[in-house]
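Okay, so here's the structure we're looking at.
The values are calculated or read from the model by the stated rules, or taken from the named source; none is laboratory data. The structure presented is a predicted model; accordingly, all values stated were derived computationally and were not measured. Note that we place each Cβ from the backbone using ideal geometry, even for glycine, and neighbour counts take in every protein chain shown. SASA here: full protein model, heavy atoms, side chains in, ligands and nucleic acids out. Shrake-Rupley method; radii C 1.70, N 1.55, O 1.52, S 1.80 Å.
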Amino acid sequence: MRRILVVDDSLSVRESLRIIFKDKFDIITSGFDENPFSLANTEDIELVILGIVHPLDSRIGFLQRLIEYNQNIAVLLMMEYRTSEEVIDAFDHRNFDFVFKPFSIYEVREKVQRLLSRKESVSSLSEVTHKTRNIVKYRKIYESPLLEQQVSAILPKALDNDAPVLIKGEMGSGQEWVAKMIHYNGLRSEGEFFKLNCVNLSEESFVNTLLAIKKEASCKSPCTLFLEEIEEADLSIQMGLMEVIEEQRITAKGKKEFDLNLRVIASTGRDILEKINSGEFREDLFYRLNTIPISLSPLRERKEDIPSIADYILSDLSQSMKLQDKRLSAGALNLLKNYYWPGNIIELESVITRSAILADKEVISNRELSFGIDDNTISSPSEDEKPEACLHLSVCADTHRQEDNLKTSDISFEALITSLAHEVKNPLVSIKTFAQLLPERFEDAEFRGRFYQIVGENVEKINNLVEEITGYTKFSKPKFCPVDLQTVIGEVMEKHSYNLGESKSAILREFDKGLPPVLSDKDQLLYIFDNVFSNILTTAPGGKGLSITTGVSEFNHGEVNHLIRLEEMDNNKAVEIIIPLSHPVITSLSLSTYPPILDLELFLAQRLVNKNLGMMEIANFNEEGVTCQRAKHRQAIRIKLPVALTEGS
């Protein structure tokens with residue numbers, strides 16, 4: 001039976017598609033938090049049905065990674081109308097189609113059949129063409145100013161041998177580019193390039209992926225395996241990787257050995273020596289991988305290269321995207337040279353591409369540079385500033401919160417509508433699917449019972465969404481007064497006590513003794529924490545222990561600049577609330593920026609936190625605390641609220 005992988009964040013959408021196709025296909029379903037790439041690589045998947053949301057996020061990256069691994073796989077995208085143009089522009093694959101949510105079962109059946117039929121007729125010529133394109137592309141990059149001088153000097157030494165390579169550099173500094181340059185300019189250019197991310201990778205998935213690579217490349221030239229974020233690999237995987245490097249084989253379950261022919265290239269954005277000292281990384285593996293070390297400098301340390309890199313990107317755009325020739329003004333170049341570039345060269349490419357597309361004139365001025373978040377927070381250095389001063393998007397010292405809200409009101413309204421549409425359409429998919437299947441299966445008592453259950457549950461979901469919006473709209477300006485946060489949280493937990501019992505969950509409260517009151521609107525705080533707990537309890541697996549921790553901290557420099565000062569506030573002091581999440585939240589940016597997350601309950605909570613002069617974001621959580629950097633492990637909701645001024649403070 002042919003196998004289809006369905007990937008979507010909504011359980012109801014996955015279940016609907018499973019029911020539609022279960023009689024004719026072997027259906028595997030997965031959320032984005034269940035490592036779908038591993039499933040796609042280890043199972044004989046012929047078609048992937050993938051849910052895409054607006055704005056485009058990591059799903060496109062997952063998709064491109066999947067296509068790169070398996071050029072023959074068929075793809076059916078489930079989209080909303082507003083995402084269609086963006087997806088088609090960003091996604092290039094010879095065998096894909098799309099449907100709009102909520103879709104017709106007849107349409108989705110027809111498109112799946114057509115995609116699988118088309119897949120059978122795809123010739124090997126297209127594979128050769130794709131490979132040739134890659135060889136040309138990465139040989140061109142190899143000769144471009146994208147490579148810094150020290151890398152250009154060492155790279156040729158990695159081309160005429162199969163020694164392991166370790167590429168070190170910050171996120172976005174071009175680690176994958178360098179790995180592909182080595183592959184497509186080296187001895188293995190006729191073979192396949194496989195990429196595997198080591199974050200949350202299990203030993204079983206690692207072994208299964210290697211076996212899939214062996215099967216895929218059994219009759220082809222020697223291949224390259226690129227391991228991203230190697231520092232995150234478990235010790236069991238590290239042991240298997242040593243076997244791959246030293247013996248060119250892997251031991252599967254049952255102690256059966258399989259021969260391989262792989263060159264290993266790894267990348268890291270952290271200091272592996274720290275991991276070695278803590279016992280989390282094998283020292284012998286580090287020495288093996290570090291046979292040819294390549295270090296990539298962050299872009300902020302390559303200011304003198306930015307003009308030539310920008311010219312190269314613009315020249316490439318005029319050819320690849322058929323854009324008119326454009327160039328950057330002196331002011332624009334000055335702004336690019338003085339920006340901090342947290343996303344490094346990948347971010348620079350994105351900024352220049354976006355600016356070239358949006359700019360109407362041949363010369364792109366500094367005002368026409370589009371950084372893609374809130375461009376009002378980017379400006380050229382003033383005359384009395386040092387030329388080498390670095391600018392960062394998160395700081396805009398002369399902008400008040402009220403001004404920010406005015407500038408972003410249109411964006412936040414758009415994000416609200418997007419979020420609402422996304423959360424309403426998934427229940428509609430289930431209702432429409434079961435309604436269309438009902439005539440075919442009306443005599444099936446089990447199906448009828450399931451139909452009534454699904455429709456009832458999803459109608460209730462839509463009703464709850466409407467109530468959330470209605471509840472939010474009743475709030476006007478906050479009525480600021482000192483509020484006891486423990487009392488607020490206690491009332492909310494009492495309201496959710498039944499749900500806690502149903503899910504067999506418990507919430508551990510860790511409150512600082514003598515926690516000061518916060519300056520806020522009590523009714524709005526009740527709504528905020530009601531939404532947060534409702535979201536956590538309805539999405540977390542049953543039986544999971546939840547926790548909430550509070551303490552006194554301060555608003556940091558960037559946060560303070562966004563606060564409106566009130567006399568009743570106790571300087572910059574804040575009460576900080578940490579709520580670890582047991583499920584990933586769909587977000588591409590922190591909650592304190594726009595557009596915010598797609599979870600409607602958390603989106604509305606975040607808006608009210610902002611109105612109450614607070615900050616709310618998704619942060620990385622570990623035993624030592626919380627950081628705003630890119631999450632690699634568990635996520636947490638972090639809320640900061642201003643401390644109310646009391647007598648004696």
Tally, over the range 322-355, of residues that are more than 12 Å from ASP311 (Cα to Cα) and in a helix (DSSP H, G or I): 16
query: Checking GLU176 against (1) under 18 Å from PHE226 (Cα atoms); (2) at pLDDT below 85; (3) part of a helix (DSSP H, G or I), which test does it fail?
result: (2)
message: Can you list residue pairs whose Cβ atoms sit under 6 Å apart, with the first residue in the range 53-74 being modelled with pLDDT of 65 or more and the second being buried (at least 17 other Cβ atoms within 10 Å of the Cβ) and of a type in the set (Gly, Ala, Ser)? Count only pairs 6 or more apart in sequence or on different chains.
response: LEU66/ALA40
message: Checking the condition at pLDDT below 80, within 30 Å of GLU457 (Cβ to Cβ) and either in contact with a His (Cβ under 6 Å, 6 or more places away or on another chain) or assigned to a helix (DSSP H, G or I) (or both), which residue from TYR527, TYR498 passes?
response: TYR498
query: Looking at (1) open to solvent by 40 Å² or more (accessible area, probe 1.4 Å); (2) under 22 Å from the mean Cα position of the chain (by Cα), which is the only condition GLY169 fails?
result: (1)
field: All positions within the range 268-316 that are in contact with a Gly (Cβ under 9 Å, 6 or more places away or on another chain) and either over 18 Å from PRO164 (Cα atoms) or of a type outside the set (S, T, N, Q) (or both)
entry: GLY269, ILE294, LEU296, SER297, PRO298, LEU299
task: Would you confirm whether any residue within the range 89-100 is within 17 Å of LYS195 (Cα to Cα), at pLDDT below 75 and surrounded by 15 or more Cβ atoms within 10 Å (Cβ to Cβ)?
output: no
query: Among the residues of the range 196-234 satisfying the criterion of being among the polar types (S, T, N, Q), part of a helix (DSSP H, G or I) and open to solvent by less than 50 Å² (accessible area, probe 1.4 Å), which is farthest from HIS183 (Cα to Cα)?
result: SER205
message: If I ask for residues that are in contact (Cβ under 8 Å) with a residue 12 or more places away in the chain and either part of a helix (DSSP H, G or I) or of a type in the set (Lys, Arg) (or both), which ones from the range 362-371 would you list?
response: ASN366, GLU368
field: Residues (over 17 Å from LEU116 (Cβ atoms), touching a Gly at 6+ places or on another chain (Cβ under 9 Å) and open to solvent by less than 30 Å² (accessible area, probe 1.4 Å)) located in the range 1-13
entry: VAL7, ASP8, SER10, VAL13
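Results for (1) surrounded by 19 or more Cβ atoms within 10 Å (Cβ to Cβ); (2) part of a helix (DSSP H, G or I); (3) at pLDDT 90 or above, shown as yes or no for each residue.
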site: SER236; (1), (2), (3): no, yes, yes
site: LEU241; (1), (2), (3): yes, yes, yes
site: GLY254; (1), (2), (3): no, yes, no
site: SER267; (1), (2), (3): yes, no, yes
site: ILE276; (1), (2), (3): no, yes, yes
site: PHE281; (1), (2), (3): yes, no, yes
site: ILE306; (1), (2), (3): yes, yes, yes
message: Just the residues that are out of contact with any helix residue (DSSP H, G or I) (no Cβ under 6 Å at 6 or more places or on another chain) and at pLDDT below 85, please, taken from the range 41-50.
response: GLU43, ASP44, ILE45
Qualifying positions in the range 141-158 - open to solvent by 60 Å² or more (accessible area, probe 1.4 Å) and modelled with pLDDT of 90 or more: LYS157
Residue selected from the range 605-635 under the condition modelled with pLDDT of 85 or more and either among the hydrophobic types (A, V, I, L, M, F, W, C) or more than 19 Å from GLN524 (Cβ to Cβ) (or both), by the criterion surrounded by the fewest Cβ atoms within 10 Å (Cβ to Cβ): LEU608
